[in-house]
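Heads up: the structure comes next, in structure tokens.
The values are calculated or read from the model by the stated rules, or taken from the named source; none is laboratory data. The model shown is predicted, which means the values in this text are computed figures rather than measured ones. Methodologically, a virtual Cβ is constructed for each residue, glycine included, from the backbone with ideal geometry; neighbour enumeration extends over all protein chains shown. The protein model used for the area step is the full one, side chains on, heavy atoms only, and it has no ligands, DNA or RNA in it. Shrake-Rupley method; radii C 1.70, N 1.55, O 1.52, S 1.80 Å.
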Amino acid sequence: HNSYHAYDVMHVCYLLMTKCRADEYLESFNVLSILVAALAHDLGHDGFNNAFHANSGSDLAVTYNGISILENYSAAYLFRILRKKDCNIFLRLNDEEMYKMRTRLIDMILDTDAKNHFMLMTRFKHGLEMKKLSRGLLSSMILHVSDVSNPTQ
């Protein structure tokens, strides 16, 4: 994973939101969080996968208790970057808005873990069937689909 992958995923997210008109349902908050999560979802990946880290007992596996290891690392990396005043694109958000943004970004990034694919698909299908699809779930699905669509391009 590299910056080209991040830009590609962000571009596919943008296309899905605009061409499928999801942006008509989403609020600007959701759109921003999707685009930022797309750029950050693989930040700092080291070329190994979660299974390798878990099986080798790496420091990352220990730090994140073997749960969505690389995704947790990427989310933490994003917020370490955002702590720098000159890098914090969310500086104008109040505490409540920042808490909501942080929660959404973490949720979306963790939802990119391939291990969560079937659970995410089940939640999405259920939301569609019940006609109660949350903006948060739609946001996660847009990011996930964009991430897994990459090999098909």
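Points to keep in mind about this one:
- Verdict on F79 being of a type outside the set (V, I, T), in a helix (DSSP H, G or I) and more than 19 Å from the chain's Cα centre (by Cα): no
- Taken over region 46-67, residues that are open to solvent by 40 Å² or more (accessible area, probe 1.4 Å) and either in a helix (DSSP H, G or I) or at negative phi (or both) amount to 13.
- Checked against (1) farther than 16 Å from S140 by Cβ; (2) in contact (Cβ under 8 Å) with a residue 24 or more places away in the chain; (3) not hydrophobic (A, V, I, L, M, F, W, C), D107 meets all criteria but (1).
- Members of region 8-45 found to be of a type in the set (D, E), out of contact with any Ser or Thr (no Cβ under 9 Å at 6 or more places or on another chain) and in a helix (DSSP H, G or I), listed by number: D23, E24
- Region 12-31, residues that are touching a helix residue (DSSP H, G or I) at 6+ places or on another chain (Cβ under 8 Å) and either open to solvent by 60 Å² or more (accessible area, probe 1.4 Å) or more than 15 Å from I109 (Cβ to Cβ) (or both): V12, Y14, L16, M17, A22, D23, Y25, L26, E27, F29, V31
- Single residue of L110, L128, L133 found to be among the aliphatic types (A, V, I, L, M) and within 28 Å of N2 (Cβ to Cβ): L110
- Residue within region 97-106 that is outside any helix (DSSP H, G or I) and either open to solvent by 80 Å² or more (accessible area, probe 1.4 Å) or farther than 17 Å from M17 by Cα (or both) present: no
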